[in-house]
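Encoded as structure tokens, the structure appears first; notes follow it.
Each value in this text was obtained by applying a stated rule to the coordinates, not by laboratory testing. All values reported here derive from a predicted model rather than from experimental measurement. As a convention, Cβ positions derive from the backbone with ideal geometry for all residues, glycine included, and neighbour counts pool all protein chains shown.
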Amino acid sequence: MTITGVTKRFGGVEALTGCTLSVGEGSITGLIGPNGAGKTTLFNVISGLTPADGGQIRLGADRLDRLPAHAIARRGIGRTFQIPRPLGRMTVLENLLVYAHDQLGETLARVFTAPGRVSAEEHRLRERAHAILESVDLAHLASARAETLSGGQKKLLELARALMSDPRIILLDEPGAGVNPTLMRSLVATIRGLRAAGRTFLLIEHDMDLVTELCDPVIVMAQGRKLMEGPFAEVRRDPRVLEAYLGT
């Protein structure tokens with residue numbers, strides 16, 4: 001994914017200022033920076049929740065910045081949020097099933113004219129959902145209502161729902177926030193396993209231990225643009241990064 005000269009203004013405040021960066025295929029790229037650096041705004045622009053005021057965003061040959069959010073998702077962008085938003089009264093399994101794109105059963109006519117195809121697809125999607133839940137260690141909770149999950153389990157459910165759309169790149173917004181150490185190990189193992197299977201991640205995180213463990217490279221944002229990029233061991237020692245975080 002390449003982001004070129006992206007700008008976003010909110011009134012007189014420029015949240016993104018000609019932001020330019022790229023995310024390598026198959027990488028777990030960390031996105032760090034002080035509060036107000038523009039990280040979440042960038043995620044919102046990439047995923048289409050907030051339109052950019054200028055610049056371009058491309059995923060392979062596809063230009064995304066002119067598309068609505070649902071079309072961007074269909075092009076291969078998956079997204080999780082800092083605060084999980086499960087459908088609380090639905091089961092964990094049902095939360096995944098509603099995230100599958102372009103289901104035959106979405107069209108009422110197909111339900112009556114091709115019931116066999118609709119039934120076969122439902123069976124296939126259920127199998128896929130169960131496999132994803134197994135991969136994120138939530139299979140034993142498939143029948144539980146989502147509102148009963150712990151904070152860490154809801155984070156894993158967010159990731160599972162994103163996977164249901166078979167994205168080419170997944171935007172993770174603070175996946176480690178509020179996750180206990182046991183579930184954190186499961187989350188780290190899951191992300192690594194998905195990367196090994198060819199998934200690409202762009203990850204916002206304030207937990208530097210998690211960034212150290214997962215991310216290479218790391219991109220530092222400050223004042224709405226990329227400040228620098230490199231291995232975390234180099235980034236953390238750079239005077240520009242220290243100044244951005246500490247104001248010294």
Exercise for review: Name the most mobile residue of Asn95, Asn180, Asn44, meaning the one with the largest mean-square fluctuation, in a Gaussian network model of the chain with Cα contacts below 10 Å.
Suggested key: Asn180
Practice item. Give me the percent of DSSP beta bridges within the chain that run antiparallel, rounded to the nearest 5. Key: 55 percent
Study note, to complete from the structure: Within the set Ala61, Ala146, Ala71, GNM on the chain using Cα springs under 10 Å gives the largest fluctuation to Ala61
Point to revise | Dipole of the chain, positive direction: furthest Cα of Ser150, Gly33, Ala100, with charges on the beta-carbon | key: Ala100
Practice item. Label the stretch 126-192 by shape, choosing from rounded, prolate and oblate, from the square roots a ≥ b ≥ c of the eigenvalues of the Cα gyration tensor; if a/c is under 1.5 it is rounded, and otherwise prolate applies when a/b is larger than b/c, oblate when it is not. Key: oblate
Revision key, fill the gap. Given backbone amide H placed at 1.01 Å from N, residues whose amide H is under 5 Å from that of Thr200, ignoring those fewer than 5 places away on the same chain, are Gly26, Ile170
Point to revise | About the Cα centre, charge dipole magnitude for the chain (Lys/Arg +1, Asp/Glu -1 at Cβ), debye | key: 460 debye
Study note, to complete from the structure: Taking a label point 7 Å from the Cα of Glu14 along Cα-to-Cβ, the residues of the stretch 211-248 whose backbone nitrogen sits under 16 Å from it are 222-227
**Study point:** ³J(HN,Hα) computed for each position of the stretch 133-139 - Karplus, 6.51 cos²θ - 1.76 cosθ + 1.60, integer Hz, glycine/proline x
**Key:** 4, 4, 5, 9, 6, 10, 4
Exercise for review: Provide the per-residue ³J(HN,Hα) series for the stretch 163-170, in order, calculated from phi with Karplus coefficients 6.51, -1.76, 1.60 and θ = phi - 60°, each as a whole number of Hz, with x at glycine and proline positions.
Suggested key: 5, 4, 8, 6, x, 7, 9, 10
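Classify the stretch 165-230: rounded, prolate or oblate, from the alpha-carbon gyration tensor (a ≥ b ≥ c, eigenvalue square roots; a/c under 1.5 rounded; otherwise prolate if a/b is larger than b/c)?
Details: a/c = 1.87, a/b = 1.27, b/c = 1.47.
Note, shape of the stretch 165-230 comes out oblate.
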Check your understanding: In nm, to one decimal, how far is the modelled label at Ala196 from the one at Thr4, with both set 7 Å along Cα→Cβ?
Key -> 3.6 nm
Review point. Once you put a point 7 Å from the Cα of Glu127 and another 7 Å from the Cα of Val188, both along the Cβ direction, what distance in nm separates them?
Key: 3.5 nm
Study note, to complete from the structure: Which residues qualify? For Arg9, with a placed amide H closer than 5 Å and at least 5 residues away or on another chain, they are Ala15, Asp53
Revision key, fill the gap. Computed ³J(HN,Hα) along the stretch 223-231: with the Karplus parameters 6.51/-1.76/1.60, θ = phi - 60°, integer Hz and x for glycine or proline, the list is 6, x, 8, 6, 8, 6, 8, x, x
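What's the extension gain from Arg74 to Glu147 if we count 0.36 nm per residue and subtract their Cα-Cα distance?
Details: separation 73, 0.36 × 73 = 26.28 nm, distance 2.72 nm.
Additional length available on full extension: 23.6 nm.
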Point to revise | GNM flexibility winner over the chain from Ser165, Ser119, Ser22 (Cα, springs under 10 Å) | key: Ser119
